[in-house]
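Below: one structure, written as structure tokens.
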Amino acid sequence: MLPAELLQRLRDWQAADPDQATITALDHLIERSEGGDADAVAEIVDAFSGRLAFGTAGLRAALGPGPNRMNRVVVSQAAAGLARWLVDNGHAGRTVLVGYDARYNSDVFARDTAEILAGHGLRPLLTETHVPTPVVAFGIGHYHCVAGVVVTASHNPPQDNGYKVYVGPSQIVPPTDGEIAAQIETVAQLPLSSIARAENYETIGEPLLEAYVGRVASLVADDAPRDLAWVYTAMHGVGAEVVARVLDRTGFPAPALVDEQALPDPAFPTVAFPNPEEKGAMDLALALARTTDADVAIANDPDADRSALAAPFDGQWRMLSGDELGWLLADDALRRGTPGVYACSVVSSTLLGRMAAAAGQPFQMTLTGFKWIGRVPGLAFGYEEAIGYCTDPEGVADKDGISTLTRVLALVAALKAEGSTVQGRLDEIARTHGVHLTAPLSFRVSDLSLISDAMARLRADLPTELAGVPVTASDLGEGWNGLPPTDGVLFEGEGVRAVARPSGTEPKLKVYLQVSLPPERSGDLDAARAEAAAVMEQLKADMAAALGL
């Protein structure tokens, strides 16, 4: 039996909840819990213990009833908190662009947001249908918006949804997130019925899409080669329609499409996780690439803000790492003479800094996330290893999987015209700058305390040697190299590097590893890569042992 006080809280929640689906879901949980179902009790306790935290990533959690889940109550309170913050900061009457992906309830949450922003004296523009996240990020600047909201959980599992907030062209950073969170907390103490709403918001459709497609198409030179064969998957997300429009405008050939994943489907039925980085997610695309004699296979994640690439290497298809694609895109930008700052996150490869320096361009390392990369003054190109790339900062100061896809098509077609390949260009980069090998260690947990315990163990007994190499440790929580504090630990030694940090969006502890050799030891690429791979295996084992995982 549930305690009487808890049961009353559940009934009070239902009385305020405008969504019959979550009211019914909570009824079922209560019924199961009263029948002795321990899982139902645990779900209720977790869903009603505390409040879903609003941070720089906005909100992201499983759908369901309760203040610790994504639902219309929580989203309405978040929208009202954002609206109050905007008005208090002198933005009453300003435009806010609201978009959404094709996940469960995304359209409902977006409409609630538009109504609440309008009710607070702002001017919301709501997209007419689901759109890729970078379309909204572009639209914020294009329509001179003060802020933007995208309802999306990106590449999370199907039961999740999320709420991403931009102020200006970039995602929010401290202290803005804390100030909005404080407003949300204030709103949460008030009756939900007291939140002002209005239906005098505007919708935007074709003009926004046309402007975005035009911007992306402008990245390809009229005389650029366009001959290539390729495979594309939208990973059950919202990218395919906009990608098709970009292809029509730029003249690149249509891809062999992974039909099973082409249309938006919030159930993501063909994958365990709708993330191109996850094992098995690209199996259908790779199988199609092998049978169609493609040059490359490209994937977007479900909200199309990220892009992944696969290519044949010595006749065998494999996925490129996020760093490898970052190197290719940076090298391409540098060869085109693109001036400005080249930036990546602290968990990405250090090779970008070496490449930028060799070309006489400045380099900047940031904290993890495009909320930091997109804010770098004078940014020419930015990336993070989690397959996020900013290849057109003036158009979209955020990661953009569709402009990235377009840059990749242009690069692959140019390489093909020269008689080269993705493998050939990566070999050139390695010979010039030295072999760099990166790899992740990722520990997904059901109990978040396992992550904090592992980080505590690491900090309590910092390794002084990894893979046989002496290393120095830097606690990123204390700030490092001019960066704001963040939860993470960095280890650096000659040719080895590791960063351990909790994921900001998933229940994971991640370790980002790098092994590098100087150019003078990289002449024989096969031997150098074999040496780096052996060191990497030891580095993985040493970091797993240090974390106790």
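The values are calculated or read from the model by the stated rules, or taken from the named source; none is laboratory data. Keep in mind it's a predicted model, so treat the numbers as computed, not measured. Virtual Cβ from ideal backbone geometry, glycine too; neighbours counted across all protein chains shown. The protein model used for the area step is the full one, side chains on, heavy atoms only, and it has no ligands, DNA or RNA in it. Shrake-Rupley method; radii C 1.70, N 1.55, O 1.52, S 1.80 Å.
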In this structure, is A357 open to solvent by less than 40 Å² (accessible area, probe 1.4 Å) and among the hydrophobic types (A, V, I, L, M, F, W, C)? no
Just one of the numbered conditions (1) of a type in the set (S, T, Y); (2) in a helix (DSSP H, G or I); (3) within 27 Å of A234 (Cα to Cα) is not true of T186; which one? (3)
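If we keep just the residues of the stretch 430-460 that are of a type outside the set (K, R), in a helix (DSSP H, G or I) and under 30 Å from L334 (Cβ atoms), which is most open to solvent (accessible area, probe 1.4 Å)? Walk me through how you get there before you give the answer.
Pass one, the stretch 430-460, residues of a type outside the set (K, R): 430, 432-443, 445-456, 458, 460.
Subsequent filtering for residues that are in a helix (DSSP H, G or I) retains 430, 432-433, 449-456, 458, 460.
In the following step, the residues that additionally are under 30 Å from L334 (Cβ atoms) were identified as 430, 432-433.
On the way: A430: 9, T432: 87, H433: 24 Å².
Looking at residues that are of a type outside the set (K, R), in a helix (DSSP H, G or I) and under 30 Å from L334 (Cβ atoms), I get T432.
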If I filter the stretch 327-340 down to residues being within 22 Å of G434 (Cα to Cα) and not in a helix (DSSP H, G or I), which single residue comes out as most open to solvent (accessible area, probe 1.4 Å)? R336
Say whether the condition of being closer than 30 Å to R375 by Cβ and either under 20 Å from the mean Cα position of the chain (by Cα) or free of Cβ contacts under 8 Å to residues at least 24 places away in the same chain (or both) is met by at least one residue in the stretch 410-433. no
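Can you tell me which residue within the stretch 44-74, out of those that are assigned to a helix (DSSP H, G or I) and over 27 Å from the mean Cα position of the chain (by Cα), is surrounded by the fewest Cβ atoms within 10 Å (Cβ to Cβ)?
Out of the qualifying residues, it is V45.
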So V87 passes all but one of these: (1) hydrophobic (A, V, I, L, M, F, W, C); (2) surrounded by fewer than 22 Cβ atoms within 10 Å (Cβ to Cβ); (3) in contact (Cβ under 8 Å) with a residue 40 or more places away in the chain; (4) not in a loop (DSSP other than H, G, I, E, B). Which condition number does it fail? (3)
Filtered residue count, the stretch 145-166, keeping only those that are farther than 17 Å from K371 by Cα and either part of a strand (DSSP E or B) or among the hydroxyl-bearing types (S, T, Y) (or both): 2
Within the stretch 115-130, is there a residue that is open to solvent by less than 40 Å² (accessible area, probe 1.4 Å), closer than 15 Å to V146 by Cα and in a helix (DSSP H, G or I)? yes
Might you check whether a residue that is modelled with pLDDT of 95 or more and on the phi > 0 side of the Ramachandran plot occurs anywhere in the stretch 79-89? no
If I filter the stretch 299-317 for residues that are surrounded by fewer than 20 Cβ atoms within 10 Å (Cβ to Cβ), of a type in the set (A, V, I, L, M, F, W, C) and within 16 Å of K416 (Cα to Cα), do I get at least one hit? yes
Please indicate, with yes or no, whether at least one residue in the stretch 195-208 is touching a Pro at 6+ places or on another chain (Cβ under 8 Å) and hydroxyl-bearing (S, T, Y). yes
